[in-house]
Each structure stands twice: as structure tokens, then as C-alpha cells.
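This report refers to the structure that appears directly beneath it.
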Amino acid sequence: MELEQARKRAEELRVIIEKNNRLYYDQDAPELEDFEYDALNRELKQIETEYPELVTASSPTQYVGGTASSKFSKVTHAVKMESLQDAFSFDELREFDTRVREAGIRPEYVVEAKIDGLSVSLEYRMGQLVRGSTRGDGVVGEDVTENIMTIKDIPHELPDAPDFLEVRGEVYMPHSAFFKLKEQQELEDKTPFKNPRNAAAGSLRQKDSKITAERGLSIFVFNLQQCEGRTFRTHRETLDYIKSLGFPVSPRYSVFENIEDAIKEIEAIGEARGTLGFDIDGAVIKVNDLAARRTLGSTNKFPRWAIAFKYPPEVKESVVRNIEVTVGRTGVLTPTAVFDPIFLAGTSVSRASLHNGDIIANLGVGIGDTIKVRKAGDIIPEVIGVSARLPGNKPFAMPTTCPSCGAPVVHLQDETALRCVNPECPAQSLRNLIHFASRNAMAIDGLGEAVAVQLIDKGLVSTVADLYTLTEEQLLTLDKFKKKSAQNLLNAIEGSKRNNLDKLIFGLGIRNIGDKAAALLGEHFGSMDALRQATAEQMCEIDGFGEVMAQSVLEFFAKDGTTDLLNRLVRDGVNMQWTGEKKGTALAGMTLVVTGTLPTLSRQEAEALITQNGGKAAGSVSKKTSYVVAGEAAGSKLTKAQTLGIPVLDEAGLYQLIKDNGQ
């Protein structure tokens, strides 16, 4: 490649890489798979190695890709949170070993699994957790202390701890939590996270820590950043010490005297990764001796004493035997490829979603073709191409009628997906019923998917209103149902009639209306009748409510069958009124931030108190903050409030403020 060609290609690569850095690090929504992103970085590095004059200070090869979001307070790391140099072959690991030895070091190596999540720093003073922050660009990250506090694996107090301790770890989402979240997002007609890493990052960087708390995040701690009053000779010693304090540490770490044994351990970790309950995206080799690390030092981006081996994506071929089209709760038709079973990333795989007709057309896949399959993020099977077509075969064509009810399917405006809009579609009835009974909706205990399927199949329920006319005799016809289980379900259905209005609104499955939007509607309008008569403009007056959501509500109430459904629910005694507490006005127009430990209120209780009195409970301090409510170990938010001159209240002061303004 000539110099000018190299210059042009390097500029193209920098634009693509920087775009994907923002998507990956800052928005938790990558477009590229890891190996595709890594390939682009390697190509850019090769060009810059061949033509050093093309290297710029702003090149993605010269800095960590993340930035600190304006949603959170910024944290400057006392110890830089470095990234790692990647290797994609064992020869590159041997070259790393050569460089270490050429520096006059006879190394021992620690090998660890590389957890795929979001890197964080945890700081403790006198044994108390005072701050949690993201890596950001390695120098400046985000203060996510409130969200960190919700992760059960992270200790809030350390026994026999030093005066100050900082550790670094990786927040991740276990597969069990990821699949649960994905199922919930699909049930609510939301775009699910692509993989556990993005789910973990998106969950940790929520403005509402209650959402973080619900996501089931975990952590593995893998490095000691700072520790006052203690010294250590090796990295292995620091991991053992961290573990003794109660932190969950890297799940597999061992010391090896030479690079070949370290490579064998990397191979063993790779073979075992399909059996783990969490994602890893490689393995890390680190020089064990801490003094040797100081001798080796770092580049402006990577430590010279560590390297990360990235496992290649596993791709296998199989023959498509069928393409099944299913109908979701909101009527979306989803095609799924069914193929000969293959063993991929630790499990047997025989199905993969094809998402929609456009993707089928782009792939050109038809029944009988040989396809290439991989697991996106090593977890979700996906078809990435066709390696051999059946002679004379044509790509699969999506149906023009619903496979469940036979009604014509349509493309709604600006949607790629085909959708069945028949409100009496049996497939939608099943998903609607499951959603209606779910925990965040009407919370009908005992009405899970297996029971819902039977109720639909036996013709006992076609709409959610039919639940309220079920009898014990009907339930006793269901598989495994006895008198007690039938009565328990009837009691749960009867109890759901008393739910607050927001539970019903959410349970009705209105597109784009989640549980929080349902609560906003219920509280603002006060009754189902008032909501049915509301205009889009009136809905958009609600803080946090947008035009798309308002239009979805209007479309739902305009559907054939909605009026009859609601009339039946009213007739059967289902509550149609908002029964929650009305907001007071004592804190109207004020934004308050709660930080630290209050004497009697938890942070969630304090924020609820603020909201109940008309105020806004924010997660970070800014110039728009009216007051900061601070308790013990308040940390950086208190410091920022004092710097900005924002009034600071204790718990008693919060109560007094409400009392003074409520008169």
C-alpha cells in the first residue's frame, strides 16, 4: 500500500473506530461484533506501524475509547485505569514474553479469565465504601456510587480494612439475569440488549438506581489499585488479600513459570468458556512480580507487563430444515431458522432468529441452504451468511397473512417488521395473557406460561377479561390442577381486581408504555375514563412523556375491541381508579439529590418522600440542583454541592423544608 492510499485508509478506519467507540463505551449499543471491531483496530495499527508518520495523538490506537457521560459527575482516577494490548495468536504471546525477558526480567505469569463487562473502581475509607466509578477514558470516569451500592456482590463494609483501599473490577451480568431481562424486554415490546456486556453497562449507567438494582448485576475484582499501610510483592498476593476481604475475585487465576504453560492455561480457559454462567472475551497474562511491573512501565495506552488474548469467534455450518414464523404479543412476525444441531460455544444449537424479512433478503437464505452460524457475544445464536445454496433455491419469503389467525399482515409506518393487527389473534392472546399476569402488571401468582397456554388451548380464555369469569370447575380441567391450586389461582385473580390503575394500564400491553409510563398516566389522569378521553397534547404535558408514547395510547383506545374489553373489566369489578397517594406540592419545582447514609431513611425512601411532595429526585449534582440531602459518608456529591454553593440539608432539614413549604 502506497503512502497516500495508507493515509486515506487510516482516516477511514479512524472514523469507523471512533464511531463504534462511542456506540460501545458511551451508548452501550455496539453495531459491530468484537472480532470485527478488533480487526479494524489491527488494520489501523499495521498501517501506523508501516507508516509512523501517519500516527496522530487523536488516533484511536493512542487512547482508551470511552468518555465520561454528562449524566454523571466526573471522577479523576488517582491510578490510571489502563486498557490492555490485545493478542490474537499464541505467537503474539510468545513475542510479548520475549519483550519482557529483553528488559532483563525472568517472569512468572498470572493467567486470568477476562470477564466481559464494564470496568469500575471501588474506593473504601476506614472500611466503608465511599465511591464507585466507571473507567471512562482511563483518566476520567463517571461517579456511579448509588448504582454500585445496589450490586449485592459488592461489600459496603470491609472488616480489618486499611485506612484507604481502591480496587478495580468488572461489573457483569450473569447469563441467567440476561435471559430474564431479555424476556422481559421482548414481552414489553422493547429492543432487547444485544449481549450481557451491553446489558451490564446499560444497567450500571442508569440514572435511576432502582432499575440497576433489578438487573441482577455481579462483579469480579481483578486488581489492587491502592492500599494504604500494606505492601505486596506479587499480583497473586494482592488477589489473595482482596479475596480475604470478602470481594469476589477473578474466578480462575494461576501462576506459571514460563509462557508455554501460560498458553496451555489459556487454551484450557477457552475450552471451558461455554460452561460458564457469564461471558468472558479472552484471557489475560500478567507479570506476577510488582517490582518488575514498575520496571516495564506502560505506553500511553497499555501496560507493558500484561497482554490480553482474544479468542476467535467460533463459526459452524449447518443445513436449514425449516423457517418458522411466530407472532409476538404486539403482533410482530419473527422468522426463526431451524437447522441441523451443531455444538457451538459450549452448547447444542439448532435454532436462530432471522429477525425480519429484510435480513432474510440480505442473507439470501432459504430452506435447504447451508448457513454459517455463530453466537453473538458467545451467547445468542445468529445466522451470519449462506455458504452453499440448494440448486434452484430462492430466499424464504415472509407470509402475507398471519400464521396464527390468517389475517393480512402489514408494515406499520417506519417499521421494518411485519405485524398482525387483528386484536383477536390467538398468538397475541397468549402473549397478552402472560404479560397481563406478570409481576410488574397485575401480578397474578400461579398464572405462568404453562397455565396460560392451557387456558388458551382449551378455549377458556381468549382475552384477559375472560380471566375474571373463570370457575373452579374449568380450572380443574387443566393438567396438574387440583382443588387447592385452582382455588389459589382464583384468589389471585380476585386479588388483582384491587390493583392500582397503573398496574392495569401496563397490563393491557399498550405499545411503548412501560410500567413507569403507566404510573405517570394513572397518577396524572386519575381514572381510566379520563385517560380514554385525553388528547395527545394533554398526555405530552406530563414530564417524561413523549409524542410516540401518546400516539401509542391513542391507537390502543381506537382499536376494535378495546371498549368492549374495558367494559367487561369494569363489569367484573376491576379497579379503574388511581388509588395511590397524590403528590403534594411542598417541593414543587425543586430538584434534590440524596447522598450518603441518613439516620432513619434509606436513600430510596428519601427519594420517594421527595417525589411524593412534588419534587424531583436526581442522581447527580448540577447547577440546577436546589438542595443536596446528605448523610454520613456522603462522598463526592457533597463535595460538588459545596463547590457549587448548593444548600445542603440533613434528614431533619428535609422534613423541615417539606413542613415549611407545605403550609
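The values are calculated or read from the model by the stated rules, or taken from the named source; none is laboratory data. What you see is a predicted model; the values in this text were computed from it and never measured. Note that we place each Cβ from the backbone using ideal geometry, even for glycine, and neighbour counts take in every protein chain shown.
Within region 565-587, which residues are free of Cβ contacts under 8 Å to residues at least 60 places away in the same chain and over 17 Å from Gly526 (Cβ atoms)?
Passing the criteria: Asn567, Arg571.
Inspect all residues belonging to region 600-614 and state whether any of them is under 13 Å from Ser73 (Cβ atoms), in contact with a strand residue (DSSP E or B) (Cβ under 7 Å, 6 or more places away or on another chain), surrounded by 19 or more Cβ atoms within 10 Å (Cβ to Cβ) and not assigned by TED's automatic domain parsing to the domain that holds Ala213. Give the steps one after another, and end with the answer.
First, the residues of region 600-614 that are under 13 Å from Ser73 (Cβ atoms): none.
No, because not a single residue in region 600-614 is under 13 Å from Ser73 (Cβ atoms), in contact with a strand residue (DSSP E or B) (Cβ under 7 Å, 6 or more places away or on another chain), surrounded by 19 or more Cβ atoms within 10 Å (Cβ to Cβ) and not assigned by TED's automatic domain parsing to the domain that holds Ala213.
If you take just the strands (runs of 3 or more DSSP E) that sit entirely in region 327-401, which of them hold at least 2 residues that are touching a residue at least 60 places away in the same chain (Cβ under 8 Å)?
Passing ranges, in order: 333-344, 370-376, 380-388.
Among the residues of region 243-251, are any within 30 Å of Ala608 (Cβ to Cβ), among the hydroxyl-bearing types (Ser, Thr, Tyr) and either outside the structural domain of Gly509 (by TED's automatic domain parsing) or not in a loop (DSSP other than H, G, I, E, B) (or both)?
Within region 243-251, not a single residue is within 30 Å of Ala608 (Cβ to Cβ), among the hydroxyl-bearing types (Ser, Thr, Tyr) and either outside the structural domain of Gly509 (by TED's automatic domain parsing) or not in a loop (DSSP other than H, G, I, E, B) (or both).
Step by step: first the residues of region 302-318, then only those that are touching a Gly at 6+ places or on another chain (Cβ under 7 Å) and in a strand (DSSP E or B), then the one that is nearest to Ala272 (Cα to Cα). Which residue is that? I'd like the intermediate steps shown before the answer.
Kept after step one, since they are touching a Gly at 6+ places or on another chain (Cβ under 7 Å), are these residues of region 302-318: 304, 308-311.
Add one more test, that the residue is in a strand (DSSP E or B), and what stays is 308-309.
Details: Ala308: 17, Phe309: 15 Å.
In this case the residue turns out to be Phe309.
Tell me yes or no: at least one residue of region 475-492 is at pLDDT 95 or above and under 32 Å from the mean Cα position of the chain (by Cα).
Yes: region 475-492 contains one or more residues that are at pLDDT 95 or above and under 32 Å from the mean Cα position of the chain (by Cα).
Is it the case that Ala452 is out of contact with any strand residue (DSSP E or B) (no Cβ under 9 Å at 6 or more places or on another chain) and surrounded by 18 or more Cβ atoms within 10 Å (Cβ to Cβ)?
Yes, satisfied.
Read through the list (1) assigned to a loop (DSSP other than H, G, I, E, B); (2) within 33 Å of the chain's Cα centre (by Cα), then give the number of the only condition that Thr585 fails.
The one condition Thr585 does not meet is (2).
Pick from region 131-167 the residues that are among the basic types (Lys, Arg) and crowded, with 19+ Cβ neighbours inside 10 Å: which of them is nearest to Lys114 (Cα to Cα)?
We begin by selecting, within region 131-167, every residue among the basic types (Lys, Arg); these are 131, 135, 152.
Narrowing further to those that are crowded, with 19+ Cβ neighbours inside 10 Å: 131, 135.
Numbers: Arg131: 24, Arg135: 16 Å.
Step by step, filter region 131-167, then rank; the result is Arg135.
Among the residues in region 318-335, are any polar (S, T, N, Q), touching an Asp or Glu at 6+ places or on another chain (Cβ under 8 Å) and either under 30 Å from Ile285 (Cβ atoms) or modelled with pLDDT under 90 (or both)?
Yes: one or more hits.
Which of the residues belonging to region 99-134 are within 24 Å of the chain's Cα centre (by Cα), under 22 Å from Leu290 (Cα atoms) and either outside the structural domain of Ala292 (by TED's automatic domain parsing) or basic (Lys, Arg) (or both)?
Within region 99-134, just Lys114 meets the criteria.
Please work out which residue is farthest from Glu605 (Cα to Cα), limiting yourself to region 203-254 and to residues that are surrounded by 20 or more Cβ atoms within 10 Å (Cβ to Cβ) and of a type in the set (A, V, I, L, M).
Looking at residues that are surrounded by 20 or more Cβ atoms within 10 Å (Cβ to Cβ) and of a type in the set (A, V, I, L, M), I get Leu239.
Would you please list the contacts, defined by Cβ atoms under 6 Å and residues six or more apart or on different chains, that run from a residue in region 197-217 that is in a helix (DSSP H, G or I) to a residue that is among the aromatic types (Phe, Trp, Tyr)?
Ala199/Phe178; Ala199/Phe193; Ala200/Tyr172
Rundown of residues vs (1) among the hydroxyl-bearing types (Ser, Thr, Tyr); (2) at pLDDT 95 or above; (3) buried (at least 19 other Cβ atoms within 10 Å of the Cβ); (4) not in a loop (DSSP other than H, G, I, E, B), yes/no style:
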site: Leu504; (1), (2), (3), (4): no, yes, yes, yes
site: Asn512; (1), (2), (3), (4): no, no, no, no
site: Ala519; (1), (2), (3), (4): no, no, no, yes
site: Gly522; (1), (2), (3), (4): no, no, yes, yes
site: Met539; (1), (2), (3), (4): no, no, yes, yes
site: Ile542; (1), (2), (3), (4): no, no, no, no
site: Val548; (1), (2), (3), (4): no, no, no, yes
